[in-house]
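Enquirer: Dropping a structure here in structure tokens format, bear with me for questions.
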Amino acid sequence: MSVTTPPGISPEDPLARREGWAALADRILTRAAADGSPLHARVVPPTTSPDRAAISDVDQLEGFARTFLLAALRLAQPDADATAQDAHAAWFLAGIAAGVDPASPEAWPPIEHHGQTMVEAAVIALGLHASRAATWDRLPARVQEQVVAWFSTGRGRRCADNNHVLLGATVQAFLASVGADHDRTETEYALATLERWYRGDGWYTDGEGRRFDHYNAFTFHFYPWFIDDMLGVRDRQQVWRGRLASFLGGYASLMGRDGRPVLQGRSLAYRWGVLGPFWLGAALDASPLSPGRTRALAASQVRAFLDAGVAADGRLSLGWRGGESASLLQQYSMAGSPHWASKGFLGLLWPDSHPLWSDPLDAPPVRDLTPLAVPGFLTHRAAGPTVLLNHGSDGHPRHDEPWYRRLAFSDATVPVEVGGVRDNSVVPLGGAWSDRGLRGGLTGPDWACSHRVGRVGGREVHLDLLSVVRGEHELRLARVRGAGERTVRVSGFAVTGDTAPTVATHGGTASCALPGLVSELTHLDLGAGPVAAEVGLAEVETALGTHTAVPYLDVPLTGDGDVVAALVRLGDAPGTPVEAPAVQAGDEGVVVTWGDLVRVVPWPPTDAWPGDALDQGVWQPWRSAGVLPVSRDGVRA
């Protein structure tokens with residue numbers, strides 16, 4: 001296994017030092033104050049998307065809460081720039097006082113069932129805990145009582161049966177930490193619920209099914225530690241610490257050369273919010289990355305975002321680069337949402353003297369190939385970009401979500417559909433394809449496989465999908481059963497930018513390129529009829545630009561169980577010709593002979609993933625006695 005060291009952050013870069021992070025925080029907080037309401041209890045960031053504007057009370061609370069967390073981290077340690085700290089403290093403490101005062105015109109809405117208010121209340125509770133001396137202890141007793149009263153409106157509230165269970169638990173834990181009335185059972189039940197979703201090696205699925213994404217960083221390796229810190233439960237913190245250490249070793253492979261994460265899953269507008277667990281792990285000596293390597297990764301990531309135009313005016317936009325991108329967003333994404341990135345400033349909790357800031361920078365070594373068996377990922381980066389081959393994360397079983405269901409993702413591409421061509425997919429033609437999700441999978445040291453079921457033209461189709469990696473290339477195979485003598489479309493990575501990509505087709509190869517990025521797809525002849533190699537082109541809004549090209553192959557099937565194959569490559573420059581692998585398919589699997597590489601890859605299992613659920617569940621806080629009443633709509637009241 002080769003190991004390469006990516007370019008590191010310069011020691012002269014301001015982000016190489018704690019004071020540079022504090023200065024960036026000041027810039028964001030100053031902009032938040034400028035976007036604030038007269039009594040400071042709300043922050044209303046501007047947006048170019050009218051339907052994303054922070055118009056409602058809770059959306060404006062979101063802007064306040066998420067920037068308050070940044071202010072709390074900024075205030076957690078004494079700083080040479082006491083003037084800036086005092087200004088932040090005065091502004092946000094005034095906002096809290098106005099927000100929790102029921103008589104205030106800027107009073108925050110109460111916490112309700114399935115409400116966004118709970119999400120923001122948890123962020124505020126976390127901020128108050130992280131900066132207790134600088135915030136909570138400075139609030140007048142009357143305001144403290146009103147904070148407690150507002151937090152208490154969240155007791156017993158239902159929420160989505162996913163990471164949201166941790167949010168009410170965080171609020172209850174904070175109430176416990178200040179000696180207020182609270183529900184410890186609700187907190188313990190929420191933490192026990194996590195065990196339903198823990199799959200091993202530090203990975204959680206975000207609710208039932210196989211929903212592996214960056215929420216492992218945003219929430220699952222963030223809130224539990226702080227909940228127990230508020231409660232003073234030290235023994236269980238060791239469990240979180242151990243899982244965090246296991247997680248970070250593999251999760252680091254999802255970070256690109258410049259530190260930015262692979263674009264997969266939802267809430268990508270939170271950008272460097274993924275950095276929270278890296279800081280926490282290094283501080284707790286629970287990370288394979290040293291403090292100096294952690295700081296280098298974090299600084300590189302944030303620098304890359306800043307260089308792409310993010311926070312140029314102090315505002316975090318609804319996108320990936322500096323501008324906004326509707327295609328990147330979810331229904332719940334509003335103008336203040338991107339400030340979830342505040343979690344990425346967690347390193348500010350520790351002073352300049354801490355090894356996180358005092359150790360020399362050390363660029364993290366990067367493995368060219370990393371198997372992650374629990375989420376069903378295989379990452380590789382020998383050709384430059386960080387590529388995530390996905391044979392395990394599926395999103396919602398009923399929703400064909402492009403940010404989850406593609407066969408591959410990377411740090412340089414986004415999922416698209418161009419003229420009926422989906423990137424990184426295997427799709428039978430001859431009707432509308434209805435993807436019904438994953439039904440099994442395996443991950444080996446340099447291969448992965450999965451079984452997918454769908455319908456086309458009234459027929460149920462089973463796809464056995466295999467990936468084998470050697471050097472810069474992926475051998476992508478698909479056994480197609482139930483499609484009849486249809487044509488199967490196999491696609492590669494989409495290339496997207498601000499200028500039109502160059503495209504080329506020759507024989508069984510299709511490619512498209514932008515400066516510094518090349519996507520190549522080559523048919524591997526296993527006996528099919530004439531193959532068409534094409535490139536789909538379109539102008540469509542994406543997080544990376546408006547000009548998109550997708551290489552694809554149309555491969556005719558001659559019978560049930562046919563196997564189609566292609567070589568897939570995403571690189572920062574055109575690849576050199578490679579020896580084609582020999583593929584021998586049988587009833588039990590495939591034998592691949594590829595230069596000095598010989599692999600036997602079994603066909604994937606076809607059982608349903610454990611815990612697959614058709615619908616998002618509803619989480620109900622524990623009630624210790626009696627039978628829960630059922631409301632008229634069938635939801636337990």
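Enquirer: Just need a number here: residues in the stretch 255-284 that are of a type outside the set (Val, Ile, Thr) and closer than 20 Å to residue 363 by Cβ. Break it down stepwise before answering.
Expert: Step one: of the stretch 255-284, the residues of a type outside the set (Val, Ile, Thr) are 255-261, 263-273, 275-284.
Checking the rest, the ones that are also closer than 20 Å to residue 363 by Cβ come to 255-261, 272, 275, 277-279, 281-283.
Matching residues across the stretch 255-284 total 15.
Enquirer: Does residue 203 satisfy being surrounded by fewer than 23 Cβ atoms within 10 Å (Cβ to Cβ), within 26 Å of the chain's Cα centre (by Cα), in the same structural domain as residue 69 (by TED's automatic domain parsing) and hydrophobic (A, V, I, L, M, F, W, C)? Quick ask: steps written out before the conclusion?
Expert: Details: surrounded by fewer than 23 Cβ atoms within 10 Å (Cβ to Cβ): no; within 26 Å of the chain's Cα centre (by Cα): yes; in the same structural domain as residue 69 (by TED's automatic domain parsing): yes; hydrophobic (A, V, I, L, M, F, W, C): yes.
Spelling it out, it is not the case that residue 203 is surrounded by fewer than 23 Cβ atoms within 10 Å (Cβ to Cβ), within 26 Å of the chain's Cα centre (by Cα), in the same structural domain as residue 69 (by TED's automatic domain parsing) and hydrophobic (A, V, I, L, M, F, W, C).
Enquirer: Please report, ordered by residue number, the strands (runs of 3 or more DSSP E) entirely within the stretch 440-523 with at least 1 residues that are touching a helix residue (DSSP H, G or I) at 6+ places or on another chain (Cβ under 9 Å) and either under 18 Å from residue 567 (Cα atoms) or not hydroxyl-bearing (Ser, Thr, Tyr) (or both).
Expert: Values: elements: 447-456, 459-470, 473-481, 487-491, 495-497, 502-506, 509-514.
In the stretch 440-523, 447-456 are the strands (runs of 3 or more DSSP E) which contain 1 or more residues that are touching a helix residue (DSSP H, G or I) at 6+ places or on another chain (Cβ under 9 Å) and either under 18 Å from residue 567 (Cα atoms) or not hydroxyl-bearing (Ser, Thr, Tyr) (or both).
Enquirer: Out of curiosity, is residue 351 closer than 30 Å to residue 237 by Cα, in contact (Cβ under 8 Å) with a residue 24 or more places away in the chain and in a loop (DSSP other than H, G, I, E, B)? Talk me through it step by step, then tell me what you get.
Expert: Details: closer than 30 Å to residue 237 by Cα: yes; in contact (Cβ under 8 Å) with a residue 24 or more places away in the chain: yes; in a loop (DSSP other than H, G, I, E, B): yes.
Yes; evaluated as a whole, the condition is true for this residue.
Enquirer: Scan the stretch 425-442 for residues that are of a type in the set (D, E, K, R) and surrounded by fewer than 20 Cβ atoms within 10 Å (Cβ to Cβ) and jot them down. Break it down into steps so the answer makes sense when it comes.
Expert: Initial filter on the stretch 425-442 (of a type in the set (D, E, K, R)): 435-436, 439.
436 - this is the single residue of the stretch 425-442 that is of a type in the set (D, E, K, R) and surrounded by fewer than 20 Cβ atoms within 10 Å (Cβ to Cβ).
Enquirer: Give me the pairs: first residue in the stretch 297-322 and in a helix (DSSP H, G or I) and at pLDDT 95 or above, second residue surrounded by 19 or more Cβ atoms within 10 Å (Cβ to Cβ) and among the aromatic types (Phe, Trp, Tyr), beta-carbon distance under 6 Å, and six or more apart or on different chains, which are they?
Expert: 301/272; 302/272
Enquirer: Taking residue 68, is it within 28 Å of the chain's Cα centre (by Cα), of a type in the set (Phe, Trp, Tyr) and modelled with pLDDT of 95 or more? Full working, then the answer.
Expert: On the way: within 28 Å of the chain's Cα centre (by Cα): yes; of a type in the set (Phe, Trp, Tyr): yes; modelled with pLDDT of 95 or more: yes.
Yes.
Enquirer: Being outside the structural domain of residue 381 (by TED's automatic domain parsing) and closer than 27 Å to residue 390 by Cα narrows it down to one residue among 235, 213; which is it? Please lay out each step first, then the result.
Expert: Working: 235 fails: closer than 27 Å to residue 390 by Cα.
Only one candidate passes the filter, namely 213.
Enquirer: Any idea which of 196, 211 is assigned to a loop (DSSP other than H, G, I, E, B) and either farther than 24 Å from residue 141 by Cα or in contact with a Pro (Cβ under 9 Å, 6 or more places away or on another chain) (or both)?
Expert: Details: 196 fails: assigned to a loop (DSSP other than H, G, I, E, B).
It is 211.
Enquirer: Next question. Just to be sure before I move on: is residue 333 over 22 Å from residue 478 (Cα atoms) and assigned to a helix (DSSP H, G or I) in the structure I sent? Spell out the reasoning first.
Expert: On the way: over 22 Å from residue 478 (Cα atoms): yes; assigned to a helix (DSSP H, G or I): no.
When the stated conditions are applied, residue 333 does not pass them.
Enquirer: For the stretch 404-422, what are the residues that are over 26 Å from residue 561 (Cβ atoms) and not β-branched (Val, Ile, Thr)?
Expert: Listed by number, the residues that qualify are 404, 409, 410, 411, 412, 415, 417, 419.
Enquirer: Are there any pairs, at least 6 apart or on different chains, whose C-beta atoms fall under 6 Å, with the first in the stretch 399-419 and within 21 Å of residue 473 (Cα to Cα) and modelled with pLDDT under 95 and the second polar (S, T, N, Q) and part of a strand (DSSP E or B), and if so, which?
Expert: none
Enquirer: Something else now. Any idea which residue in the stretch 39-64 is farthest from the chain's Cα centre (by Cα), counting only those that are modelled with pLDDT of 95 or more and acidic (Asp, Glu)?
Expert: Once the filter is applied, the top-ranked residue is 57.
Enquirer: Does the stretch 414-425 include one or more residues that are under 18 Å from residue 380 (Cβ atoms), polar (S, T, N, Q) and part of a loop (DSSP other than H, G, I, E, B)?
Expert: Here is the first cut: in the stretch 414-425, the ones under 18 Å from residue 380 (Cβ atoms) are 423-424.
Okay, now just the ones that are also polar (S, T, N, Q), so 424.
Then drop every residue that is not part of a loop (DSSP other than H, G, I, E, B), which leaves 424.
Yes, that holds for at least one residue.
Enquirer: Checking the conditions here, which among 20, 36 is of a type outside the set (Phe, Trp, Tyr), modelled with pLDDT of 95 or more, over 30 Å from residue 380 (Cα atoms) and crowded, with 19+ Cβ neighbours inside 10 Å? Steps first, answer last, please.
Expert: Working: 20 fails: crowded, with 19+ Cβ neighbours inside 10 Å.
Unique residue meeting the criteria: 36.
The values are calculated or read from the model by the stated rules, or taken from the named source; none is laboratory data. This one's a predicted model, so the numbers in the text were calculated from it and none came from an experiment. Positions of Cβ are generated from backbone atoms using ideal geometry, with glycine treated the same way; all protein chains shown enter the neighbour counts.
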